[in-house]
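Below: the structure, in structure tokens.
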Amino acid sequence: MRDTARWEGALRAAPGVIRADLRPGRRDPLPRHRHLGRLAHGHIVLFCVLMGIWDQNQHESLMQPATAAVSLLVVFQSAAPVLALSRPAAALWVSTAALALTAALTSSVFGGARPWSVPAIALHTLVLLLLALRVRPTAAVAALGISLLTGIGAVLPHPVPGLVTLPQGAVAFAAATVIGGSLRAARVSRTRLVEQEELTAEERARRALLEERGRIARELHDVVAHHMSVISIQAQVAPHLVADPSPELRENLAGIRQNAVDALTELRRVLGVLRGDGAAGDAAAGVRHAPQPTLERLGELLANVRAAGLDVTAESHGEPRPLSPGTELSAYRIVQEALSNAVRHAPGARAVVRTHYHRGGLTVRITNTAPARPPGPAPAGPGGEPGHGLLGMRERTAMLGGELAAGPTPDGGWEVTATLPAPLDPKDGP
């Protein structure tokens with residue numbers, strides 16, 4: 001039933017396809033060959049010149065001499081494949097007309113036994129091949145039918161048994177149409193496959209980005225929830241710290257506490273949505289209820305990395321100071337992702353983690369040397385849940401309005417530098 005409907009749809013669409021693809025003004029240049037470039041185009045031009053000379057010599061020897069009209073038609077017939085390099089539909093009509101008119105003008109010499117000459121068959125076959133490479137199968141079959149009807153029309157006024165060139169031409173034309181259609185179908189399939197692969201890669205990248213943003217949001221939820229809980233508790237305790245709080249103060253503090261509780265409830269709902277796609281991996285890793293890491297746990301992370309086989313050291317510059325929980329979490333995760341990449345892609349290398357506290361914030365630089373041996377199967381990342389490498393680092397840095405630079409080093413290693421803004425409060429001194 002489905003096949004029948006498909007065939008019916010194809011038949012209904014056939015007239016429109018033929019009109020669109022065989023329109024004489026349609027321009028469709030033959031693309032350069034992937035390996036040969038324009039060399040194939042030059043071969044086609046050379047072939048047309050040789051076939052034209054052969055065709056003209058045949059008519060000269062048999063008609064003694066060939067008329068000017070026949071010679072002009074030979075020129076048009078020879079030029080048709082060259083025209084097909086840019087306008088295949090127009091070339092079809094030129095070549096078909098040249099076949100028909102040549103057969104009519106030479107019928108007194110050849111009769112119906114030779115409606116086409118061998119060079120003309122070769123030239124028209126090339127036109128059909130170039131056409132079938134660039135039009136839909138329906139239009140290619142229609143062009144084949146038109147070509148065969150041209151030969152049959154030339155034979156009918158002169159019925160002669162034992163036709164010579166008509167069967168030869170029919171076989172050659174049909175073979176050119178089939179070959180051209182098959183090559184076009186293969187090219188279209190390759191193009192669609194490439195497009196599908198590009199769409200799949202884009203979709204995979206988009207999904208990875210969304211997953212990483214969701215993971216960051218889940219982590220930051222715990223940070224924000226902690227602050228909201230502290231606000232709620234402080235608002236509840238504050239009236240007891242005042243000797244005689246006024247009703248207005250109690251009312252305002254109660255409102256603050258209620259707003260904090262409401263915001264915390266909404267945060268939990270948002271987190272439920274973010275985890276609704278199943279942060280099963282998070283649950284399996286036991287990270288749902290674990291406290292979010294800060295730079296204070298950097299030593300623990302480095303110990304895990306050393307246990308994984310990477311020689312890593314840490315350096316700190318500037319005066320360490322407390323940063324916002326979001327900044328500390330992002331810095332920790334960036335170091336974690338960079339070291340995970342070093343473990344996976346640079347086995348046997350040495351790594352250095354440098355943290356620099358400055359007035360504008362915090363800069364972390366993770367550098368590893370070239371790998372001592374080729375990387376094997378990727379081991380699990382050290383110290384926590386897996387992320388998406390550079391993608392996660394860029395998202396975390398961009399979220400804080402910072403900058404991230406990553407790339408190879410001159411000695412064949414890799415370096416990641418993240419600058420996270422956290423301006424120093426002026427009251428904290430110079």
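Accessible-area rank, largest first, for SER117, SER316: SER316, SER117, with all protein chains present and a 1.4 angstrom probe. HIS345 sits with roughly 120 Å² accessible to a 1.4 Å probe, with DNA, RNA and ligands left out of the calculation. TRP54 contributes about 110 Å² of solvent-accessible surface, heavy atoms of the protein only, 1.4 Å probe.
Fully extending the segment from GLU203 to ALA225 would add 4.7 nm, taking 0.36 nm per residue of separation and subtracting the current Cα-Cα distance.
Ranked from largest to smallest solvent-accessible area, with a 1.4 Å probe on the protein heavy atoms, PHE173, PHE76, PHE47 come out as PHE76, PHE47, PHE173. Summing Lys and Arg as +1 and Asp and Glu as -1 over all other residues whose Cβ lies under 13 Å from the Cβ of ARG184 gives a net charge of +3.
Applying 1/(1 + (r/R0)^6) with R0 = 41 Å to the Cβ-Cβ distance of THR409 and LEU193 gives a FRET efficiency near 0.65. The heavy atoms of ASP411 present about 100 square angstrom of accessible area, all protein chains included, probe 1.4 Å. Here the spin labels are modelled as points 7 Å beyond Cα on the Cα-Cβ line, and at GLN64 and ALA314 they lie 10.6 nm apart.
Ranking HIS43, HIS356 from most to least accessible surface, computed with a 1.4 Å probe over the protein chains only, gives HIS43, HIS356.
The values are calculated or read from the model by the stated rules, or taken from the named source; none is laboratory data. What you see is a predicted model, and the numbers here were worked out from it, not measured in a lab. For neighbour counting, all protein chains shown are included, and Cβ atoms are generated from backbone atoms with ideal geometry for every residue, glycine included. Keep in mind that these areas ignore ligands, DNA and RNA; they rest on the heavy atoms of the full protein, side chains included. Shrake-Rupley method; radii C 1.70, N 1.55, O 1.52, S 1.80 Å.
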